[in-house]
Amino acid sequence: MRWLMGVVTGLTLACGPAGGGDGAAAAGDAADLRGRVLPQPLAKPEVVFTDTEGRPYDLRRQTEGFLTLLFFGYTNCPDVCPVHMANIAAVLKELPPSVTMRVKVLFVTTDPARDTPERLRTWLAQFDPSFVGLTGDTATVNRAQAAVQLPPSQLGEVDSAGNYLVGHAAAVVAFTPDGLARAMYPFGIRQADWAHDLPLLLGIR
Amino acid sequence: MNWWCAASGLPWTWEWRAFPGVWLFVGAIALGYVRALRRLEPARFAGDDAPTTRREIALFFAGVAVLWLAADWPLGLLAAGYLLSARTLQYLLFVMVAPPLILLGLPRWLLRRLIRGRVAFRLARVLSRPLVPLLAFNAVFIAVHLPPVIAATAGSQLAGFALDVAIILSGVVFWWPALARLPELEPMAYPARIGYLLLSVFLPTVPASFYTYARFPIYPLYELAPRVHGIGAVADQQVAGLTMKVLGGFILFGTMSVMFFRWHRIEETAETPRKETVA
């Protein structure tokens, strides 16, 4: 009977309002998050990428005061990257502007050879035109990943058609507006979980 | 080699894939039917038994073709691991389209042969009344749509096969009292059959509503599956809800209409001799 109640509760939560009340930011506690809470918050990496317009993008300065969702992936990714981006985009469409206007989603490519700025821009725009595409040299990208305790990405074997996979961390790193990474969201995180956590993350000091 | 469609987590492509288990399953049903007709059809017929008609054969194989289309690539694979709307369409084909065609394709003499034994006859009689079929059908309906069941069976070919067979059998059980092929089983009168089908129109409204109005995807399998042509998980879920409600309702209301007009014709025919006598 307990599992049945769990199913009914799950269905109701999928249909009902997300998190607390109208989704507006509420004073949050990291323990309430559904993402993987980091034992020690991590500082935002001090790194400058290049955006899809070719302009320098200072990660710390240009995301100051925002809830920043940082993800390392690539546009030819067959599964993890498009699902993460699609789910975040879908949830942002459901949340009120009081939340969404304070969120920045950054997608740093781990495949700069194929992810030209144009390709990055077009690929991200299919999810949400506000998502920021960033590139950098391998050393810069790996340094940024190491700063948030993510493994460096690795290029796979090239097949006869010139295609290859890129092994990369599948987690989205969430920096609260104070610039600290409080939680990571691995692949498998659900839209309902994002909808629950994003308002809470905005309220964490 | 994959024998039956199951979730793989791989990106979707339109490259054809073979699922020999589906062909074997469908082939066994078709072959069983052909052999039954060839070996068991009597030389002479009694009562309302009659030789197998071409219409019956066509209906049976149409039902088998629907089973094959629903279970095989691409619909079977899309349903198993990519799109909830595909799974819903597959479900409707498995319960609302294939079973009635197959049942209508079984000639009366063969049906009587199948329920010749005491236990089989009793079971057939119990299934000719509405309560047990309704309970069984809805129990399977609820069970196969539960998120934990879908999650637990997703990547397993054997579990997928078992689930699909259970769904198909639930469709056969559902349509048995509605089609009522054999008078000796004391089937329901037409008004009761119409009521039985009408009740079944409303019950799927609950999950269909969840699918249509949920803000977020209900099933992790379909939410986290590689996207097919960029179709969003919520949009896919909404289409699934509409499919369940609209297509399922269309089939049931269509069948109810046919039954109503048949009943009307029977009533008219029964009244006509009395009118002639009175005149």
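The values are calculated or read from the model by the stated rules, or taken from the named source; none is laboratory data. Everything numeric in this text was worked out from a predicted model, so none of it was measured. Every residue, glycine among them, receives a Cβ derived from its backbone with ideal geometry; neighbour counts consider all protein chains shown.
Scan the range A:184-205 for residues that are over 20 Å from residue B:224 (Cα atoms) and of a type outside the set (Lys, Arg) and report the count.
First, pick out the residues of the range A:184-205 that are over 20 Å from residue B:224 (Cα atoms): A:199-205.
Now restrict to residues that are of a type outside the set (Lys, Arg): A:199-204.
The qualifying residues number 6.
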Residue B:8, sole failed condition from (1) more than 24 Å from residue B:87 (Cβ to Cβ); (2) within 14 Å of another protein chain (Cβ to nearest Cβ): (1)
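Going through A:136, A:162, A:167 one at a time, which residue ends up being within 22 Å of residue A:87 (Cα to Cα) and either crowded, with 18+ Cβ neighbours inside 10 Å or modelled with pLDDT under 95 (or both)? Give the steps one after another, and end with the answer.
Working: A:136 fails: within 22 Å of residue A:87 (Cα to Cα); A:162 fails: within 22 Å of residue A:87 (Cα to Cα).
None of the other options fit; the residue is A:167.
Which residue out of B:39, B:44, B:35 is over 22 Å from the mean Cα position of the chain (by Cα), surrounded by fewer than 11 Cβ atoms within 10 Å (Cβ to Cβ) and at pLDDT 95 or above?
Values: B:39 fails: at pLDDT 95 or above; B:44 fails: at pLDDT 95 or above.
Only one candidate passes the filter, namely B:35.
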Boolean, residue B:61 is assigned to a helix (DSSP H, G or I), modelled with pLDDT of 95 or more, surrounded by 22 or more Cβ atoms within 10 Å (Cβ to Cβ) and among the aromatic types (Phe, Trp, Tyr): no
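State all residues of the range A:165-190 that are in contact (Cβ under 8 Å) with a residue 40 or more places away in the chain and not aliphatic (A, V, I, L, M); if no residue qualifies, say none.
Going residue by residue through the range A:165-190, those that are in contact (Cβ under 8 Å) with a residue 40 or more places away in the chain are A:165-166, A:168-177, A:179-187, A:189-190.
Matches in the range A:165-190: A:168, A:175, A:176, A:177, A:179, A:182, A:185, A:186, A:187, A:190.
Answer yes or no as to whether residue B:23 is at pLDDT 95 or above and either aromatic (Phe, Trp, Tyr) or in a loop (DSSP other than H, G, I, E, B) (or both).
Considered against the rule, which asks whether it is at pLDDT 95 or above and either aromatic (Phe, Trp, Tyr) or in a loop (DSSP other than H, G, I, E, B) (or both), residue B:23 comes out as yes.
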Filter result for residue B:244 (aliphatic (A, V, I, L, M), closer than 27 Å to residue A:86 by Cβ and in contact (Cβ under 8 Å) with a residue 24 or more places away in the chain): yes
1 or more residues under 27 Å from residue B:179 (Cβ atoms) and within 12 Å of another protein chain (Cβ to nearest Cβ): qualifying helices (runs of 4 or more DSSP H) within the range B:194-252: B:205-213
Some residue of the range B:159-168 being over 30 Å from residue A:126 (Cβ atoms), away from every other protein chain (no Cβ under 11 Å) and at pLDDT below 90: no
Inter-residue pairs, beta-carbon under 9 Å, first within 13 Å of residue B:111 (Cβ to Cβ) and in the range B:36-47, second among the hydroxyl-bearing types (Ser, Thr, Tyr), 6+ apart: B:37/B:52; B:41/B:52
Among (1) buried (at least 17 other Cβ atoms within 10 Å of the Cβ); (2) hydrophobic (A, V, I, L, M, F, W, C); (3) closer than 29 Å to residue B:216 by Cβ, the one test that residue A:47 misses: (3)
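Out of A:197, A:193, I need the residue that is within 14 Å of another protein chain (Cβ to nearest Cβ), surrounded by fewer than 21 Cβ atoms within 10 Å (Cβ to Cβ), part of a helix (DSSP H, G or I) and touching a residue at least 40 places away in the same chain (Cβ under 8 Å). Which one? If you could, list the steps in order and put the result at the bottom.
Details: A:197 fails: surrounded by fewer than 21 Cβ atoms within 10 Å (Cβ to Cβ).
One residue alone meets the criteria, A:193.
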